[in-house]
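J.: Got a structure here, written out as structure tokens. Questions coming.
The values are calculated or read from the model by the stated rules, or taken from the named source; none is laboratory data. None of these values were measured; they are calculated from a predicted model. Neighbour counts are summed over all protein chains in view; Cβ atoms, including those assigned to glycine, are modelled from backbone coordinates with ideal geometry. Please note that ligands, DNA and RNA were not included when accessible areas were found on the heavy atoms of the full protein model with its side chains. Shrake-Rupley method; radii C 1.70, N 1.55, O 1.52, S 1.80 Å.
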Amino acid sequence: GSTPPAAQEPHPVEAAANELEALRERLVASELRASEARQEAAAAQAAMQRGSLEAVQLAADVVIEATKAGAFEAHVMSLFERRLSGAREKLGLRPPGSAPPGAMHAALADGHGAVSARGHGAEDQLGQSMALMAALDYDAVKQALQQQAPDAAVVLQALRWRLTKATRRQRKAALAQFIQNDLLHTNVLASVLDPRLTARAPELREQALRLLNLFASEAAGRTYLLSKPEVVPQLCTLLRLEPTDNVARQNTLGALQKLSLRRSPQNAMIAADVIEWLVGALADIDQLCLYSIEYGAALLMNLSLRTAGKAKCADPS
């Protein structure tokens, strides 16, 4: 008739470790799903563009051959030329106005127009993307950001779209140009991230953090950001500044997690008591979005693997 012993509750540290492992597995699964979705979307886009290109080139070939045979009069030929030119522009196969008027007539004269169009289509497309990316006056952009011009937040959004609304090749080219022109110069970062300077322009700081988080998503971007010693301390300060789980804090957390893949920023984050902040924030996950939970747990795991991080976790204070 003895009472069975009560089930022993797991130690708080063990329970936290189990929850952390579960969150880590969810993060990995989420990243895999996102990667698969991006690959499928890229493949579908490439297939659609290839099909569109082939259709346009086939139409051009048919028109050229029919005109050679005398099937079309000059005004009909001109109409076809305008429509094919518009189709190429919509598909991004060449920049608007890049071919002089009568280009198709010139092709008819030498009989090599169709072969030439097929042979240089890919080069024209790449040249177009590079030309569009090279059209920025980076000195003026940095000056506008540094001086917090009225449209500075919109400028940052447009810069971010160059990384998000582009193909993989274009995104890498845009990021390389940003880095080469030192877009996030120390003075620029101070103007768009400093809490005192952006107190009346929180949307400017939010757009800056969104862009910075994108930089941190690429190895070249992480190397560039970490070449600026003030970046990690600034992010640690901003992490504590935002009282709610808003977009600005989510992007700050995401950038810190991506930068925590390297030892030097890990040391800076541990010294700035980011572990303490993470433990407090993750204690009430009902107040956090899924992004903050996953990236916060991943950041805590990265920092707690270091000896100094383990010491912080074991410190009762």
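J.: Which of rounded, prolate, oblate describes region 246-317, given a ≥ b ≥ c as roots of the alpha-carbon gyration tensor eigenvalues and a/c under 1.5 marking rounded, otherwise prolate only if a/b is larger than b/c?
T.: Note, shape of region 246-317 comes out oblate.
J.: Return the sequence-ordered ³J(HN,Hα) values of region 234-244 in whole Hz as given by the Karplus equation 6.51 cos²θ - 1.76 cosθ + 1.60 applied to θ = phi - 60°, using x for Gly and Pro.
T.: With coefficients 6.51, -1.76 and 1.60, one gets 4, 5, 4, 5, 5, 4, 7, 5, 6, x, 10 Hz.
J.: Quick check for you: which residues of region 203-243 have the amide N under 14 Å from the point 7 Å beyond the Cα of Gln148 toward its beta carbon?
T.: Once the point is set 7 Å along Cα→Cβ of Gln148, 203-208 turn out to lie under 14 Å by backbone N, inside region 203-243.
J.: My understanding is that a pair violates if its Cα-Cα distance is over 30 Å; which of Lys142/Lys312; Lys142/Lys310; Lys228/Lys312; Lys165/Lys310; Lys142/Lys258; Lys172/Lys310 do that in this structure?
T.: Checking Cα-Cα distances, Lys142/Lys312; Lys142/Lys310; Lys165/Lys310; Lys172/Lys310 exceed 30 Å.
J.: Work out the FRET efficiency for Asp273 and Glu203 from their Cβ-Cβ distance, taking R0 = 41 Å, and round it to the nearest 0.05.
T.: That gives a FRET efficiency of 0.90.
J.: Give the shape of region 157-212 as rounded, prolate or oblate, defined through the alpha-carbon gyration tensor: a ≥ b ≥ c are the square roots of its eigenvalues, a/c under 1.5 means rounded, and otherwise the shape is prolate if a/b is larger than b/c and oblate if not.
T.: Since a/c reaches 1.5 but b/c is at least a/b, the shape of region 157-212 is classed as oblate.
J.: So, one more: How much length would be gained if the chain were fully extended between Arg196 and Cys313, taking 0.36 nm per residue of separation minus their Cα-Cα distance, in nm to one decimal?
T.: 38.9 nm
J.: Stretch Ala140-Ala41 to full length: gain in nm at 0.36 nm per residue minus the Cα-Cα span?
T.: 32.1 nm
J.: Also: Considering only protein heavy atoms, what per residue accessible area in square angstrom results for region 148-275 with a 1.4 angstrom probe?
T.: 45
J.: Give me Rg/Rg_expected for region 178-281, where Rg uses Cα atoms only and Rg_expected = 2.2 N^0.38 Å with N residues.
T.: Ratio of Rg to 2.2 N^0.38 Å for region 178-281: 0.99.
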